[in-house]
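Please read the structure below before turning to the comments.
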Amino acid sequence: MSDRLAFARALYDAVPLYDPKRTPVDLDLTDNTNLWGLPPVAERTLREIPVHRITRYPSLYAAELKEALAGFVGATADRLVTGCGSDDILDSAMRAFGEPGSVVASSEPSFAMIPIFAQMNGLQYVGITETADHQPDLDALLATKPRILYLCSPNNPTGALLRRETLERAVREAPGVVFLDEAYAEFSGVSAVDLAMRVDNLLIVRTMSKAFGLAGLRIGYGIGAPALVRDVEKSRGPYKLNAMAEQVALAALHHDMPWVNAQVALAVENRERLAAALRDRGFTPLATHANYVCVPVPNAVAVGQALRTLGVAARPFAHLPHVGDTLRISVGPWVLMERFLAAFDEAAATVNGGEAT
Ligand code: PMP
């Protein structure tokens, strides 16, 4: 490649810049953030941040926020690590536990950043196609002898919940660390924090980007055995959570839980309504436990493009195993879902002549 720097690390030739093709549109349903907006006390806190919070450095490792998050998830602060988004937790944890060249195994399809983080850290990514019932193929994953085994529940993009017995077996039999990404756990009401309190090789990864509506502030956290999260914290480094993020996150956890819980309940209700509306149209959305619906749609990429011309974006996936082309649609207030459905009817009719299957 002609623009390659002579001093560049060779492995970075293969690392792409992340591009989810998120050009601005009127109604963006591609990133599964909170479309109801900001929790109210969090918003007031953000507007009223005292100047000294910004002129001085933030806390080293966000000790106060770890206390509040521990209370929220039912753990203790010594089992918490925070980061600049859960992306940062995943990246730091790969750096902490992956020797150069060691295997990061993930079920596929899953979170698109995992192979990129693996490459960024000089690790070897291995993807294993999920089974027809949207569960990880654990035998095949374990056969790769992964230093890091990545699981996601509810999974992005399918919305499937990981079976508890599969997780427990993974933790028992994996030769290294198991990462369980629970970015969307609030919408499923299911979490494995209790398991992370009992074993020493499970790192749960959570975020305030989705249910808490704080994606732009970049607040993620990990939960695991004290020695495990301490190594993630070393790899993460000091000052990673900015001062505004810490104050706003604290305000949300201390004062906005009724708001957060109400929006989560609405998201779950609208998710089921959206799935039913798609079924009425002859589609068969996958069972989802997150704040998005993944629905097989023929020629999803073309349908996605047609949607964009109507000012609406949903995330298309081409050729997902077992289900083919799909669209993943973030769930929000019902007026937005109605707007999506109207645009979807038009886009699907233009591309597929109104055919559902
Ligand atoms: N994990 C999963 C499964 C996700 O879908 C996302 C966001 N798309 C993330 C982690 C990262 O979220 P954040 O860095 O905003 O916490």
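The values are calculated or read from the model by the stated rules, or taken from the named source; none is laboratory data. All figures in this text were calculated on a predicted structure; none of them were measured in a lab. A quick note on method: Cβ atoms are made from the backbone with ideal geometry, for glycine too, and the neighbour counts reach across all protein chains shown. The protein model used for the area step is the full one, side chains on, heavy atoms only, and it has no ligands, DNA or RNA in it. Shrake-Rupley method; radii C 1.70, N 1.55, O 1.52, S 1.80 Å.
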* Please state which of the following conditions Leu253 fails to meet, knowing it meets all the rest: (1) under 20 Å from Asp87 (Cβ atoms); (2) part of a helix (DSSP H, G or I); (3) within 16 Å of the ligand (Cβ to nearest atom). => (1)
* To do: Answer yes if at least one residue in segment 105-122 is outside any loop (DSSP other than H, G, I, E, B), open to solvent by less than 10 Å² (accessible area, probe 1.4 Å), touching a Pro at 6+ places or on another chain (Cβ under 6 Å) and more than 15 Å from the ligand (Cβ to nearest atom), and no otherwise.
  => yes
* Asked: Looking only at residues in segment 123-149 that are under 22 Å from Arg328 (Cα atoms) and of a type outside the set (Ser, Thr, Tyr), which one is surrounded by the most Cβ atoms within 10 Å (Cβ to Cβ)?
  -> Pro136
* Asked: Is segment 222-239 home to any residue that is of a type in the set (Phe, Trp, Tyr), at pLDDT 95 or above and surrounded by fewer than 19 Cβ atoms within 10 Å (Cβ to Cβ)?
  -> yes
* Looking at segment 75-88, which of its residues are touching an Asp or Glu at 6+ places or on another chain (Cβ under 6 Å) and either assigned to a helix (DSSP H, G or I) or open to solvent by 50 Å² or more (accessible area, probe 1.4 Å) (or both)? -> Ala77
* Asked: In segment 54-74, which residue that is open to solvent by 60 Å² or more (accessible area, probe 1.4 Å) and either touching a Cys at 6+ places or on another chain (Cβ under 6 Å) or assigned to a loop (DSSP other than H, G, I, E, B) (or both) is farthest from Ser209 (Cα to Cα)?
  -> Arg56
* **Selected residue (criterion: farthest from Asn155 (Cα to Cα)) from residues of segment 196-215 that are assigned to a loop (DSSP other than H, G, I, E, B) and touching a residue at least 60 places away in the same chain (Cβ under 8 Å)** => Met197
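Quick grid of which residues meet (1) modelled with pLDDT under 95; (2) basic (Lys, Arg); (3) under 17 Å from Val178 (Cα atoms):
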site: Glu48; (1), (2), (3): no, no, no
site: Ser59; (1), (2), (3): no, no, no
site: Gly71; (1), (2), (3): no, no, no
site: Gly85; (1), (2), (3): no, no, no
site: Arg95; (1), (2), (3): no, yes, yes
site: Phe117; (1), (2), (3): no, no, yes
site: Gly127; (1), (2), (3): no, no, yes
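The rows are residues; the columns are (1) surrounded by 15 or more Cβ atoms within 10 Å (Cβ to Cβ); (2) outside the structural domain of Pro136 (by TED's automatic domain parsing); (3) in contact (Cβ under 8 Å) with a residue 12 or more places away in the chain.
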residue: Pro316; (1), (2), (3): yes, yes, yes
residue: His319; (1), (2), (3): no, yes, no
residue: Ser330; (1), (2), (3): yes, yes, yes
residue: Leu341; (1), (2), (3): yes, yes, yes
residue: Asp345; (1), (2), (3): no, yes, yes
* To do: Under 9 Å between Cβ atoms, at least 6 apart or on separate chains: pull out the pairs that start in segment 169-195 with a residue that is in contact (Cβ under 8 Å) with a residue 60 or more places away in the chain and end on any residue that is of a type in the set (Lys, Arg) and exposed (fewer than 14 other Cβ atoms within 10 Å of the Cβ).
  => Val190/Arg164
